[in-house]
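The values are calculated or read from the model by the stated rules, or taken from the named source; none is laboratory data. This structure is a prediction, so every number in the text was calculated from the model and none was measured. All Cβ positions, even for glycine, are placed from backbone atoms using ideal geometry, and neighbour counts span all protein chains on display. Only protein heavy atoms, including side chains, enter the accessible area calculation; ligands, DNA and RNA are left aside. Shrake-Rupley method; radii C 1.70, N 1.55, O 1.52, S 1.80 Å.
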Amino acid sequence: MNHVIRAVTAEDWQQVKELSLDALRDPVAGIAFLDTYDNAAVQSDEFWQGRAAGSWGAMIAQQFIAERVDGSWDGSVTVLIERAGRGDVLGRPVDTDQAHLVGVFVRPEQRGTGLARALFDAAIAFAHELDEPKVSRVRLYVHQDNQRAEAFYRKIGFTRSGHSVPVPGDESSVEHELVLASCP
């Protein structure tokens with residue numbers, strides 16, 4: 001693999017914006033992301049600067065990217081640390097300190113190369129290495145129609161928890177919660 005997996009810094013905001021917009025142009029974006037290209041494209045520079053700086057309200061957030069030697073980016077995943085007794089990213093109550101993986105994207109030409117696994121390894125390690133809070137659970141949600149993504153998540157150790165939620169804006173569809181089977 002000719003990539004470095006690293007955490008995003010505040011100075012990376014323009015590349016964060018570019019990769020996010022590319023992800024939202026992907027043919028499966030409608031079932032992979034809760035945002036749309038049209039909505040993201042009109043966000044201010046301050047919005048993107050906040051994203052790169054890890055601004056997700058009161059949550060700890062860290063985005064990891066796969067960077068080529070030429071500086072271009074081929075993939076990303078973001079870790080949101082959800083605290084027990086608070087709401088998650090959608091305002092639902094959280095029972096335990098946990099990591100929630102969101103914004104998973106790998107450029108089509110890099111899929112199947114191990115890049116997604118490397119991104120997940122970095123994100124999960126970040127969550128487990130936090131001193132405070134101690135994360136006891138790692139989860140993500142996958143759309144009912146995103147079988148390719150779910151197959152990948154299962155391959156690296158995620159299993160369905162039995163909990164599903166309606167897709168915001170499309171109550172006829174659901175997202176299944178998957179949790180990492182082995183978590184310290």
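Keeping every protein chain present and rolling a 1.4 Å probe, give me the accessible area per residue for the chain in Å².
Accessible area per residue: 51 Å².
Using 0.36 nm per residue of separation minus the Cα-Cα distance, give me the extension gain between residue 84 and residue 111 in nm, one decimal.
Going from the current span to full extension adds 6.3 nm.
Using a 1.4 Å probe over the heavy atoms of the protein chains, calculate the carbon and sulfur portion of the accessible area of the chain as a whole percent.
C and S fraction of accessible area: 49 percent.
Say the dipole of the range 46-184 comes from +1 at the beta carbon of Lys and Arg and -1 at that of Asp and Glu; which of 158, 142, 76 then lies farthest toward its positive end?
About the Cα centre, the residue reaching furthest to the positive side is 158.
Helix hunt in the chain: which complete DSSP H runs extend at least 15 Å axially by C-alpha with mean Kyte-Doolittle at least 0.0?
Qualifying helices, which must be both long enough and hydrophobic enough, are 115-129.
Average projected area of the Cα convex hull of the range 109-184, in nm²?
6.1 nm²
Take the alpha carbon atoms of the range 1-160, find their radius of gyration, then divide it by 2.2 N^0.38 Å using N residues; give the quotient.
Dividing the Cα Rg of the range 1-160 by 2.2 N^0.38 Å gives 0.99.
At a threshold of 8 angstrom on Cα-Cα distance, excluding pairs fewer than six apart, so keeping six or more, what relative contact order does the chain reach in percent?
It rounds to 18 percent for the chain.
Just subtract the alpha-carbon distance of residue 148 and residue 40 from 0.36 nm times their residue separation and send over the number in nm, one decimal.
Difference between extended and current length: 36.4 nm.
Using the per-residue mean of other Cβ atoms lying within 10 Å as a proxy for protection, in what order, highest first, do the peptides 75-87, 35-47 fall?
Top to bottom by mean Cβ count within 10 Å: 75-87, 35-47.
Out of the trypsin sites (Lys or Arg not before Pro) in the range 94-184, which ones are loop residues according to DSSP with at most 11 other C-beta atoms within 10 Å?
Here the sparse-neighbourhood loop sites are 134.
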